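Have a look at the structure below before the remarks.
The values are calculated or read from the model by the stated rules, or taken from the named source; none is laboratory data. On a predicted model such as this, the values are computed, not experimentally measured, just so you know. Note that we place each Cβ from the backbone using ideal geometry, even for glycine, and neighbour counts take in every protein chain shown. Calculation scope for accessible area: heavy atoms of the full protein, side chains included, ligands and nucleic acids excluded. Shrake-Rupley method; radii C 1.70, N 1.55, O 1.52, S 1.80 Å.
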Amino acid sequence: MPSRPTLCQTCALGPSLRFSRFLPPCLILTSKVLTKIIKYFKDSELKQSLAFALLVFALCGSAVIWKLSSEAAPVARTKEVPLLEIVHRHDDPFQQFPESFPLQVAVFWTNPGPDPENPLPLVHSLKEMGIPFFITRDLPEALRHRLVILYPSVDSRTFTQPQADQLARFVQLGGFIFAQNVFWGGLQNLFGFRSFAASRNRHRLIFSGTKDPVTKYLNRPEERETQLGSERFPEIIWSNGYVPAPGAEVLAHFDDGSAALLTNSVGKGKVYLLGLSLLDVVLRNQNNHDYEAQRHYVNAFEPGADVWLLVLRAWYEAYGNDWVRLATIPGGQRSALLLSHDVDWENSFAPGLDFARIEKANQASSTFFIQTKYVDDANSKAFFFAPNVEILQQLKAGGSTVGSHSIIHSRGFNKFELGSGHETYSSYQPRGLGFDTASGATVFGEVRVSKELLDGEIPGQDTTFFRAGHLRVPVSLPEALERSGYQFDSSFTADDVLSNFPFALSRGFGFEEDSEIYEFPVTIEDEESPGFAKRVPQALGVILANAENGAVSVILIHSNESILKAAAEQDLLRQLPPDIAKTDMLTFAEFWRARDRLQWSLSETSVPTEVVLQVKSAESVAGLTFEFQRPIATVSGGAIMSPDKRHLVLPEVAPGYSVSIHINYLR
Ligand SMILES: [Zn+2]
């Protein structure tokens, strides 16, 4: 697992205060008086017995006073958090992703059992890119579509010889295939390779400087060359290095010179062959099981997983006939900057109001992740009470959104037990003991009880967003979050997961199924040296690199002070191009979730230039944007066309309703 530099250094400011807090003032005073009395009686014969009696009296008295004063401390308001059951939704990918319209990419699932490699990595990639697709085991059904993906691999048992001939004929007549890990000699000629060698020690991948359309979006050095794993590991993910046949073109090669991505033109069509699995270069990175493939931890542009999403997008756009794509960003914008603050110190609340004011003045808003610290421990004293809670109420009332940043904000959070799920404010008493140790703490406790408190104390609050303290992530986090009613998480860094697009967190960070939780990894934070105020141009550079790909950037600024940092944030907001939205994390996350679950189709009509876009959402969503290959002349249904005539922004879609939009292309 990747090492994580220390984040949230503000939290380290607490310990200096902790000892005076632990010895109640009344007890300090009583001890001094007691010493004087004992001194007065020091020559008395009665001194020992008297002193003993006084000591007992003083200790009992101070204990009563302490007890009374602690009982007088305000008790927080809470709202019950029901414990939900895990729902396993989609066992059958054929039912979940059925064939419904000609423009869909056909995914031919080559490995359905008995030990299947799940199509989840490909599902993530296509959904994140907004490419329509269906999954099938029926080859003739797949070959009715112009674009076909063979996933996850092709060996000598996958196809019969007649099926191989069908594939070759399909390409000959103008079909396009994208496949990964083809091993079968029977398809060597079609895919353009002579041989291949499997290996676990290829560490780098370099895109060749070709003009092939699938590398259209890979214009930056960080995209032209990626790392598959750290050199610290002699063995990393499996790769298949191909030796190309004459006529095939190498679009990317590994560090040993073998071909990683090949293309071969056959007749009117073309095939692409990748010597890696999206399981290893997309999903493995997203669930943080990679071999430290990231080149940075935070604050840099790291598109190591995104390049494969962008290759698929470019492939679809190059060969799809009159293609249509569901855009990643709402409102026809190019990208979005998602603003957030971590409030994890007693003095971090009041400056939050300054950040909120500056954001409002710059037509932006942000999400505040709150540490609901109600216990004293070795790391800091409690601070989740008035006046801090009143500040939270003001932030929320002023249009900011609020998420949880745990209770004790432990560096050991990633090692906590899951817990029972019945942890509650009245009984949960976690305490940080030292650098990364704690007692009485569980993952459920940190997640659930912080939600109980935020939902109870802030009017109108329903906490659905979580960010772990120090970005330490336990394996049980997706389960604890989804069973506690959360929907979103932001506990990874984008560099660490090598992706700048939000994605569904898989259950237990495995490879089998998604949880209900979506991840929005942190792109830029404020505490890495030399501090955010001195890194605004660098941050802007990363935001612009993501914007080129339609990806988002998440910024985390601790609200421990609002002089330097808020000025720097304002500086950044003012320099943002107008086509990059600046929004709080929750608003964007709710859009992304609805977008990810959207059902849409495009059907032809009897008029050759007219198509109908049909959209259905389970939740209310505004700003859905579709991108079209063909320029549009007119559109119905209240959709707004962009000046380039190739983007449509839909009106707000009501939950459960199906919306039909008639589109007439130019010409
Ligand atoms: Zn923190």
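Percent of Cα-Cα pairs per 10 Å bin, from 0 to the last occupied bin, for the stretch 175-234, please list those.
Answer for the stretch 175-234: a P(r) of 16, 35, 40, 8, 0 percent.
How large is the dipole of the stretch 455-585 about the Cα centre if only Lys and Arg carry +1 and Asp and Glu carry -1, each at its Cβ, rounded to the nearest 20 debye?
440 debye
Between LEU564 and VAL243, what is the label-point separation in nm under the 7 Å Cα-to-beta-carbon projection?
For VAL243 paired with LEU564, the spin-label model returns 5.9 nm.
Figure the gain on full extension for ASP322 and ARG89 (residue separation times 0.36 nm, minus the Cα-Cα span) and round it to one decimal in nm.
80.6 nm
Restricting attention to the alpha-carbon atoms of the chain, what are Rg (one decimal) and Dmax (integer), both in Å?
So, for the chain, Rg and Dmax equal 29.2, 115 Å respectively.
Kindly list the residues of the stretch 329-362 that lie in the label zone of ALA397, defined by a backbone N under 15 Å from the point 7 Å along the Cα-to-C-beta vector.
353
Over the Cα atoms of the stretch 136-270, what is the Rg over Rh ratio if Rh follows Kirkwood?
0.98
Please state the charge dipole magnitude for the stretch 85-137, taken about the Cα centre, from unit charges on C-beta atoms (+1 on K and R, -1 on D and E), reported in debye and rounded to the nearest 20.
Magnitude of the dipole: close to 180 debye.
Compute the accessible area per residue over the chain, keeping the other protein chains in place, probe 1.4 Å, unit Å².
Ligands and nucleic acids excluded, the result is 40 Å² per residue.
Let's test the formula: R0 of 51 Å, r as the Cβ-Cβ distance of ASP462 and PHE183. What FRET efficiency results, to the nearest 0.05?
So the FRET efficiency works out to roughly 0.50.
Do any GluC sites (Glu not before Pro) in the stretch 205-296 lie in a DSSP loop with no more than 13 other beta carbon atoms within 10 Å, and if so, which?
Those satisfying the criteria are GLU231, GLU235.
Expressed as a whole number of Å, what is the distance separating the alpha-carbon centroids of the stretch 213-240 and the stretch 345-406?
40 Å
Only helical DSSP H runs with n ≥ 4 go in: add -39500 (n - 2.57) per run for the chain, normalise by residue count and round the 222 nm mean residue ellipticity to 500 deg cm²/dmol.
Rounded to the nearest 500, the figure is -7500 deg cm²/dmol.
In nm, to one decimal, how far is the ARG144 label point from the ARG77 one, both placed 7 Å along Cα→Cβ?
In this crude spin-label approximation the distance works out to 5.8 nm.
Pop the C-beta distance of VAL475 and SER100 into the FRET formula with R0 = 35 Å and round what comes out to the nearest 0.05.
So, using R0 = 35 Å, E works out to roughly 0.45.
Taking Rh as the Kirkwood radius, which is the inverse of the mean 1/r over Cα pairs, what is the Rg/Rh value for the stretch 525-575?
My calculation puts Rg/Rh at 0.97.
Given a Förster distance of 56 Å, report the FRET efficiency between SER529 and GLN161 from their Cβ-Cβ distance, rounded to the nearest 0.05.
The computed FRET efficiency comes out at 0.35.
Subtracting the Cα-Cα distance from 0.36 nm times the residue separation, let me have the gained length for HIS422 to GLN538 in nm, one decimal.
Full extension from HIS422 to GLN538 adds 37.3 nm.
Compute the orientation-averaged projected area for the stretch 539-615 from the convex hull of its Cα atoms and round it to one decimal in nm².
Answer in nm², one decimal: 7.5.
Which listed residue (PHE591, ALA567, THR442) has the Cα farthest towards the positive end of the charge dipole for the chain, taking +1 on Lys and Arg C-beta and -1 on Asp and Glu C-beta about the Cα centre?
Selected residue: ALA567.
Using the C-alpha atoms of the stretch 482-543, what convex hull volume per residue, in cubic angstrom, is computed?
101 Å³
Lys/Arg Cβ at +1, Asp/Glu Cβ at -1, dipole of the chain taken about the Cα centre: which of GLN180, SER636, THR136 is farthest positive-ward?
SER636
Any idea what Rg and Dmax come out to for the stretch 546-667 if you just take the C-alpha atoms, in Å?
Gyration radius and largest Cα-Cα distance of the stretch 546-667: 18.3, 63 Å.
If you put +1 on each Lys and Arg Cβ and -1 on each Asp and Glu Cβ, how big is the dipole of the stretch 403-525 around its Cα centre, in Debye rounded to 20?
440 debye
Find the Cα radius of gyration of the stretch 213-317, compare it with 2.2 N^0.38 Å by division, and give the number to two decimals.
1.11
In the stretch 170-253, what percent of the accessible surface is made up of carbon and sulfur (1.4 Å probe, ligands and nucleic acids excluded)?
Taking all protein chains in place, the stretch 170-253 shows 52 percent carbon and sulfur surface.
Explain nothing, just the number: relative contact order of the stretch 207-340, from Cα pairs under 8 Å at least 6 residues apart, as a whole percent.
Value for the stretch 207-340: 28 percent.
Could you pull out the longest piece of the chain with no exposed loop chymotrypsin sites (Phe, Trp or Tyr not before Pro) in it, calling a site exposed if DSSP puts it outside H, G, I, E, B and it has at most 11 other Cβ atoms within 10 Å?
The longest such stretch corresponds to 1-434.
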